[in-house]
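Okay, so here's the structure we're looking at.
The values are calculated or read from the model by the stated rules, or taken from the named source; none is laboratory data. Note that the structure is predicted; figures quoted are calculated from it, not measured. Here the Cβ is made from the backbone with ideal geometry for all residues, glycine too, and neighbour counts use every protein chain on show. Surface areas here come from the heavy atoms of the whole protein model, side chains and all, with no ligands, DNA or RNA. Shrake-Rupley method; radii C 1.70, N 1.55, O 1.52, S 1.80 Å.
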Amino acid sequence: MSLNGPAPPSVSASASPSAPPAASPPAPASASGTGGGAVLVAGLATAGGGRWHGRHRHPVPQLAWARSGVLMVRALGRTWVLPTATALWIPPGVGHATGTAGTTEPRALYVRQPGPAALGAPAGPDAPDAPAGPGWTDPTVVAVTPLLRALFDHLADDAPAPPARARAEAVLLDQLTPVTATSVVAPMPHDPRPRAVAEALRDTPADARTLAEWSPYAGAAPRTLARLFVAETGMPFGRWRTHLRLQASLPLLASGATVATAARHVGYASPSAFVAAFHRTVGAPPGTYFPRD
């Protein structure tokens, strides 16, 4: 697996579906760049580190990014963990929720319906082309290069005159480059017996009990639980638990925790065992995805 672009790949993890998306999104925490442009840069409302803002959707495309810290986005049954070097393009109408890991300064870029009037430019054959965006129909991770970061900050200021703003918007949208996103899939079973085990492990990923030890709690024989895990998640219980533990480690690693701390939190006896499982599952060691300065 290759690392595409100047930023490391984002790592995404499966997540159990949330409630249906709200009919209308909450207002941004703060907004800038409102002087008639086609791109609006706003501060995302969050509930603090480790917590989630309610599920909602937008009628226009959104680029979710953290200027500092780590932003997390849940959508379509997956969770994206986004350090400052990556952002997530969210197509219009896609229900999603946002959260943070640690102290985070989230930003969002909304692309309004493009057109010369929206850009504050005169209509006619000499009018500048309106930025149309990449048109991706699925959530897509992009690299946040120094240029893209500078354009974010530039468009968060109302100072640019309409023609200059239109040019900056076009450059920004042209700079959206996808990067590889590796999935760590840990789907939740639907049957209440294995789901009881899965939910308990989601809350306490370091729990090392075997299926035989979980049997009284779930109200099913160990063989039944083993069969149901394969039938409902597509993988044996041991592999599913490994994926769940790695999923739980991602926000910790992304927010700056050491490998030893993340390993201990999710139930690995040693950092080397955790690194081996991460490398085997994701295809690269944790340091490739969350490099230290």
Would you check if there is a residue in the stretch 268-278 being of a type in the set (S, T, Y) and within 22 Å of the chain's Cα centre (by Cα)? no
Looking at P216, is it in contact with a Ser or Thr (Cβ under 8 Å, 6 or more places away or on another chain), modelled with pLDDT of 95 or more, more than 30 Å from T100 (Cβ to Cβ) and not β-branched (V, I, T)? no
Considering only residues of the stretch 183-231 that are part of a helix (DSSP H, G or I), free of Cβ contacts under 8 Å to residues at least 24 places away in the same chain and under 18 Å from V266 (Cβ atoms), which is most open to solvent (accessible area, probe 1.4 Å)? D203
Looking only at the stretch 232-259, filter to residues that are among the polar types (S, T, N, Q) and open to solvent by less than 20 Å² (accessible area, probe 1.4 Å); which one of those is farthest from V184 (Cα to Cα)? T233
Unmet requirement for P25, which otherwise passes all of (1) part of a strand (DSSP E or B); (2) at pLDDT below 80: (1)
Given the structure, is T84 over 26 Å from H154 (Cα atoms), open to solvent by 10 Å² or more (accessible area, probe 1.4 Å), of a type in the set (S, T, Y) and at pLDDT 75 or above? no
If you take the residues of the stretch 260-293 that are at pLDDT below 80 and in a loop (DSSP other than H, G, I, E, B), which of them is farthest from L201 (Cα to Cα)? D293
Here is a check on your reading of the model: is A257 closer than 19 Å to G99 by Cα and outside any helix (DSSP H, G or I)? yes
Residue count for the stretch 156-178, restricted to those that are under 18 Å from I90 (Cα atoms) and at pLDDT below 80: 0
